[in-house]
Amino acid sequence: MAVSAEHPVAFVGLGSMGLPMARNLVRHGFPVRGFDVRAEGRSAFASAGGTPAGTIAAAAEGAGALVLMVVNADQAEAILFGEGALDRLARDAAIVLMATCPPAAVAALAKRVTATGRSFVDAPVSGGVVGAEAGSLTIMAAAPAAVIAEVRPLLEAMGDKVFHVGPEPGQGATMKAVNQLLCGVNLAAAAEALSLAAKVGIDGATALEIVSGSSASSWMLRDRGPRMLEEAPRVTSAVDIFVKDLGIVLEAGRSEKAALPLAALAHQLFLAASGRGAGLEDDSQVIGSYRALNGK
């Protein structure tokens, strides 16, 4: 991979996570061509000093690296092969897939990409919109060590914790599944606890202060707990993200014949919240599933 003015970084997916990530690449001096299906995403990227591209093909033309921050593996496949982005990249380009995807799907994409002589890095992230904006994402990268060394400056422009979790694409996706399993179960448990407190008439702020300062505390409780008490909290990660991510967790478990009963239950709670119309609300609003169950 050789990123330069002639072979810039192509970045596809300028949404709530992708836009600040691409912006941080620009701030670190990388030449970046960005594409998003939404005109407002391209316009915001231009305002940040990036070069907007009108099409995926235009973004990818001659690029030394292609960063994909898209919704899922199907979108990544469509961009690389259906839209022809892969063939338009420089011959020694690196593809960096940063979306949360099923490990098996990531491995399959990597096989097709590396067959063309290009590199593939499986590099999902954790840290949400706040981490993307601050450049403090945790990045779980999987690729051969030499490939990681080449793309590390790129990754470090977007995250301050870059881990090489293994040499095989799919291992990063698996590590992200492990992370999301803990996040989703923890979040659902926090909602259950605060719902019980509310059911018996304990003030929510008081209950949250007590558990946040005790051995029951966790990062998810301290971060999401206050928003569970708000009527319309800021969306930093949506309910539907956990519907997708816990679905990936369960798919990974099935493929390895690993029992994941807590993840399955948490997934049902997020699914129920989405089914009630809260899919685009902050993920803290999974507490609504308990309120519906408990009548409070």
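The values are calculated or read from the model by the stated rules, or taken from the named source; none is laboratory data. Values in this document were obtained by computation on a predicted structure and should not be read as measured data. No Cβ is skipped: glycine too gets one built from the backbone with ideal geometry, and neighbour counts run over all protein chains shown. Note: areas computed on protein heavy atoms with side chains; ligands, DNA, RNA excluded. Shrake-Rupley method; radii C 1.70, N 1.55, O 1.52, S 1.80 Å.
Cβ-Cβ contacts under 7 Å between residues 6 or more apart (or on different chains), taken from a first residue in segment 45-62 that is exposed (fewer than 15 other Cβ atoms within 10 Å of the Cβ) to a second residue that is assigned to a helix (DSSP H, G or I) and of a type in the set (Val, Ile, Thr), are listed as Gly49/Val26.
Scan segment 230-258 for residues that are among the acidic types (Asp, Glu) and under 20 Å from Leu137 (Cα atoms) and the total you get is 1. The residue pairs whose first member lies in segment 209-229 and is assigned by the TED database to the domain that holds Glu281 and closer than 21 Å to Val130 by Cα, whose second member is assigned to a loop (DSSP other than H, G, I, E, B) and among the basic types (Lys, Arg), and whose beta carbons are closer than 8 Å, counting only pairs six or more residues apart or on different chains, are Arg227/Arg234. Note on segment 87-118: residues that are surrounded by fewer than 18 Cβ atoms within 10 Å (Cβ to Cβ) and either free of Cβ contacts under 8 Å to residues at least 40 places away in the same chain or under 10 Å from Pro169 (Cβ atoms) (or both) amount to 9.
The set of residues from segment 116-131 being closer than 17 Å to Thr100 by Cα and either small (Gly, Ala, Ser) or within 11 Å of the chain's Cα centre (by Cα) (or both) comprises Ala123, Pro124, Val125, Ser126, Gly127, Gly128, Val129, Gly131. Considering Val32, Val37, the condition of being without any contact (Cβ under 8 Å) to a residue 60 or more places away in the chain, in the same structural domain as Thr114 (by the TED database) and surrounded by fewer than 16 Cβ atoms within 10 Å (Cβ to Cβ) is satisfied by Val37 alone. Just to be sure before I move on: is Asp92 out of contact with any Phe, Trp or Tyr (no Cβ under 6 Å at 6 or more places or on another chain), closer than 21 Å to Ser255 by Cβ and acidic (Asp, Glu) in the structure I sent? No, not satisfied. The condition of being open to solvent by 50 Å² or more (accessible area, probe 1.4 Å) and over 20 Å from Ile241 (Cβ atoms) does not hold for Asp74.
Summed over segment 199-231, residues that are surrounded by 15 or more Cβ atoms within 10 Å (Cβ to Cβ), aliphatic (A, V, I, L, M) and not in a loop (DSSP other than H, G, I, E, B) total 6.
Taking residues in segment 177-194 that are within 22 Å of Ala105 (Cα to Cα) and of a type in the set (Gly, Ala, Ser), and partners anywhere that are open to solvent by less than 10 Å² (accessible area, probe 1.4 Å) and in a helix (DSSP H, G or I), the pairs with Cβ atoms closer than 6 Å and at least 6 places apart or on different chains are Ala177/Val249; Gly184/Phe242; Gly184/Leu246; Gly184/Ala266. Of all the residues that make up segment 149-177, how many are open to solvent by 70 Å² or more (accessible area, probe 1.4 Å) and under 13 Å from the mean Cα position of the chain (by Cα)? Within segment 149-177, residues that are open to solvent by 70 Å² or more (accessible area, probe 1.4 Å) and under 13 Å from the mean Cα position of the chain (by Cα) number 1.
Here Leu196 meets the list (1) more than 27 Å from the chain's Cα centre (by Cα); (2) open to solvent by less than 60 Å² (accessible area, probe 1.4 Å); (3) closer than 29 Å to Gly247 by Cα; (4) among the aliphatic types (A, V, I, L, M) almost entirely, failing just condition (2).
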